[in-house]
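Peer 1: Before anything else, here's the structure in question.
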Amino acid sequence: MKLYGKVALCLLAAALTGYLFLFDYPKMMNELSGSGVQETESSQEAESSLEADDLEANESAPLEEIDVDTTMDDEAEDQVAALEEELEQLYQQRGATSVALCFEQTGEVVYDDIYPVLSEQGETGTIVFTNGLLTGDNYQVRTEEFRTMMENGWSYAIGGDDSLELTGTDAKNTAAWQTSLETYMKNILTRTGVVPTVYCFREGEYRSAYDAILEANGFTAIRYFAEDANSDNGESNLQKIVGIRLTENTQAETVLETLEAYPGAALLARVVAADETDEESWITLETYLSLVAELRSSDAVTITTLDAVIEAATDEEQTELLAEIQEKEDELAELQTQSAD
């Protein structure tokens, strides 16, 4: 009996132990798991701390200094300064550019509107007849008005005919142009009694082959555009005057900048009333008068006669001075570009 009792007690103790084990197992595992997470987090925090320390150390480390010299060297600076001083002295020697006001459109607006305004300023202009038009033709200045303007210091010239191909260089075109020119001169002399001595080429028309024909017919000067200068072989005795066209979009600053390169120039315009045309090559009366007023107010410009412009263009001293200025300006620009590189 005692033996059976001891065995029963042992079995009861074993069962109780197993029960307690099963009851505490989840709690034990949670504790173990929590301990592992804490260790992992601690490890990650330690690694992050080390990385932060390394980054801070790298940021605080002094960067390698790079010496970049973006300025000119002393020699280049001296050259630039010397050229600028030379140019300043040359600019002071440059005189005002003489300009003549030329009107390729010979309608009544010239006599009715422009002529009175210029007369008030003590200035004159030049009428340029083209396309075979004569005084007294439809919408043109009347012959008596023309003579009044000539008596008061105005001048006139003639230009080309749109029906002729002046941009060609073959003999056929040249012969046709010569015939048209000689006929035109006879007609205009009969109508006005005045012989023209200046011929005005328009953009792209001029060729040096025409020089001999013009000289043979008594012309002493021509007006052409700067872009056509490559067609000039320089062998004729005709005086060459550069032309600058004024349009509705022309700015006074642009004209003044262009004029700096010439001792004399002809400002060409086709002036019309505001409601007559929207062609870009024309200029309204209001815009024209405003533009001329701006040019007149500049010390760099003198509005004068076409004859005075021709005389200014023959001033070798001023021509050589302007050429020297251009040469120095090009040299300065090249030096500044090289120094910048």
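The values are calculated or read from the model by the stated rules, or taken from the named source; none is laboratory data. Keep in mind the model is a prediction, meaning the values are calculated, not measured. Surface accessibility is based on the protein's heavy atoms, side chains included, excluding ligands, DNA and RNA. Shrake-Rupley method; radii C 1.70, N 1.55, O 1.52, S 1.80 Å.
Peer 1: Could you tell me what percent of the accessible area of segment 206-341 is made up of carbon and sulfur, with a 1.4 Å probe and every protein chain present? All intermediate terms of the calculation are to be shown ahead of the outcome.
Peer 2: On the way: 3030 of 7110 Å².
Whole-percent figure for carbon plus sulfur exposure: 43.
Peer 1: Given H placed 1.01 Å from N in the peptide plane, which residues other than close sequence neighbours of GLN239 have an amide H under 5 Å from its amide H?
Peer 2: For GLN239, the qualifying residues are ALA221, ILE222.
Peer 1: Show me, for segment 128-135, the HN-Hα J-couplings you get by feeding each phi into the Karplus relation (A = 6.51, B = -1.76, C = 1.60, θ = phi - 60°), rounded to Hz, glycine and proline as x.
Peer 2: Whole-Hz 3J(HN,Hα) from phi for segment 128-135: 10, 7, 9, 6, x, 6, 10, 4.
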